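Single-structure report; data block below.
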Amino acid sequence: MSSIPILKRFGFNIEMEQKSIYPFSQVFKIDNYIIKRTQFPIERALNLVNYTSHLESNNINIVTPVEMSCNNPQQINDECFVCYPFIEGVVYEGSEEQIIQAGELLGRIHSFSTLENRFQLEEYDVFDFTYQEVEESIKEIEKFVELYDVNIDTHKLKIHLDQAVKNQDTIKNCELNWIDTPHDFKANNLIYKDNKPVLIDPDNAKWIPRAFDLALALLLFHNELVSAPNRVFTSDEWNLFLSGYLKYQTPSKVESAQWEAIVLHVFLDEVMWLMAEVEEDWKRAEQKELLVSLSNVLATLDDYPL
């Protein structure tokens, strides 16, 4: 969709086509505003606004839609867009203080989850992976490993992913704590303003097992951010992140017992497709290093306890 009609719907009289500041989705910066795609249809977008407003009212540093003379968010054809304030600050660079603060923010966000999905966020329900999907993905990953001369043991990776498929029913049926959460808690979605992290992209919010959200942070916190290390957390860094998180959250016995299986499942859902389908990542040295690090972390999960 052209940027011009989108921006005009929000009152910005732009005559020239605007380039997205994010390569994977339409995100436009106009003056001190960000206009971006959000959840669709409009009912879901409004539910998201109610959720983020709930977090903001509890002093969580998170963007919420700008008050405008027009509706915000808006549905435009078969997409929805929202206008947020542009947050000035510094990006994550992997300092110990930033890591601890990020963990604290995620812990506080989880603390304000509602019971029974009050905001009617989309419920996570991805427990239907097959061994054939793993086989097909591994074949694609093997092509990239050979093409870009990468040191990844795809045989061991397949063993881990097959185990994740085998675990699915157990994970689905065990008594995990479910929460509403922005569910895209990565460093590229944080800006540090006045030395505190602000979550600037809440648009992937879901109702999901709490430990899944934490596992996503373990695996992909450093994804797609030039200023971040080109790898997953080290064990020491994970302990720093967890120290911040555990100030506000206490894992259940079930979450602790199933933690490694949960990490494997989140890898299956969130990482496997990145490795198998996004060739652009294999072309970029920093992302290629992250993919290698991700494949290696599955063999060292004992170093990343809950």
What does the C-alpha gyration tensor say about the overall shape of segment 110-246? Classify as rounded when a/c is under 1.5, otherwise prolate if a/b is larger than b/c, or oblate.
oblate
Projected onto the charge dipole of the chain (unit charges on the beta-carbon of Lys, Arg, Asp and Glu, signs +1, +1, -1, -1), the Cα from A299, A187, T38 with the largest positive-side position is that of T38
From the cross-link list K206/K247; K206/K288; K172/K247; K143/K283; K29/K193; K186/K206, the entries with a Cα-Cα span beyond 20 Å are K206/K247; K206/K288; K172/K247
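Would you list M275, M16 from fewest to most Cβ contacts within 10 Å?
Details: M275 22, M16 7.
Fewest-to-most ranking of M275, M16: M16, M275.
Taking a ≥ b ≥ c as the square roots of the Cα gyration tensor eigenvalues, with a/c under 1.5 meaning rounded and otherwise prolate when a/b beats b/c, else oblate, which class fits segment 3-85?
Details: a/c = 1.77, a/b = 1.53, b/c = 1.16.
Judged from the Cα gyration tensor, segment 3-85 comes out prolate (a/c at least 1.5, a/b above b/c).
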Please give the helix 96-111 orientation as an angle from the longest Cα principal axis of the chain, in degrees from 0 to 90, rounded to the nearest 10.
80 degrees
Roughly how tilted is helix 285-297, in degrees to the nearest 10 and between 0 and 90, from the longest Cα axis of the chain?
50 degrees
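Quick check: net charge around Y248, other residues with Cβ under 12 Å of its Cβ, Lys/Arg +1 and Asp/Glu -1?
Numbers: positive: R108, R210, K247; negative: E104.
Result for the local shell: +2.
Considering all projection directions equally, how large on average is the shadow of the alpha-carbon convex hull of segment 176-306, in square nanometres?
Details: hull surface 32.4 nm².
Over all viewing directions, segment 176-306 projects a mean Cα-hull area of 8.1 nm².
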Springs between alpha-carbon pairs under 10 angstrom, Gaussian network model over the chain: which of F221, F81, F185 fluctuates most?
F81
If you plug each phi of segment 196-211 into the Karplus form 6.51 cos²θ - 1.76 cosθ + 1.60 with θ = phi - 60°, what whole-Hz ³J(HN,Hα) values come out, in order, with x for Gly and Pro?
10, x, 10, 7, 9, 9, x, 7, 9, 4, 8, 9, 8, x, 3, 5
Between M16 and N58, what is the spin-label point distance in nm, taking each point 7 Å from the Cα along the Cα→C-beta axis?
4.5 nm
Give, in nm to one decimal, the length gained when the segment between T130 and D302 is fully stretched (0.36 nm per residue of separation minus the Cα-Cα distance).
59.3 nm
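Whole-Å semi-axes of the chain's equivalent ellipsoid, largest first, each the root of 5 times a Cα gyration tensor eigenvalue?
Details: eigenvalues 197, 109, 77 Å².
Those come to 31, 23, 20 Å.
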Between D194 and Y148, what is the spin-label point distance in nm, taking each point 7 Å from the Cα along the Cα→C-beta axis?
4.0 nm
Range of Cα positions in segment 28-167 per principal axis (Å), largest first:
56, 38, 35
Quick check: net charge around Y51, other residues with Cβ under 9 Å of its Cβ, Lys/Arg +1 and Asp/Glu -1?
0
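For every helix of n ≥ 4 consecutive DSSP H residues, a contribution of -39,500 (n - 2.57) applies; sum these over the chain, divide by its total residues, and give [θ] at 222 nm rounded to the nearest 500 deg cm²/dmol.
Values: 12 runs with 135 residues, N = 306.
Result for the chain: -13500 deg cm²/dmol, rounded to the nearest 500.
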Could you compute the net charge surrounding P41? Neighbours are other residues with a C-beta less than 10 Å from the C-beta of P41; K and R count +1, D and E count -1.
-2
Taking other Cβ within 10 Å of each residue's Cβ, how do S252, S2, S111 sort, fewest first?
S2, S111, S252
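Only the coordinates and a few stated rules stand behind these numbers; no lab work does. Keep in mind it's a predicted model, so treat the numbers as computed, not measured. Positions of Cβ are generated from backbone atoms using ideal geometry, with glycine treated the same way; all protein chains shown enter the neighbour counts.
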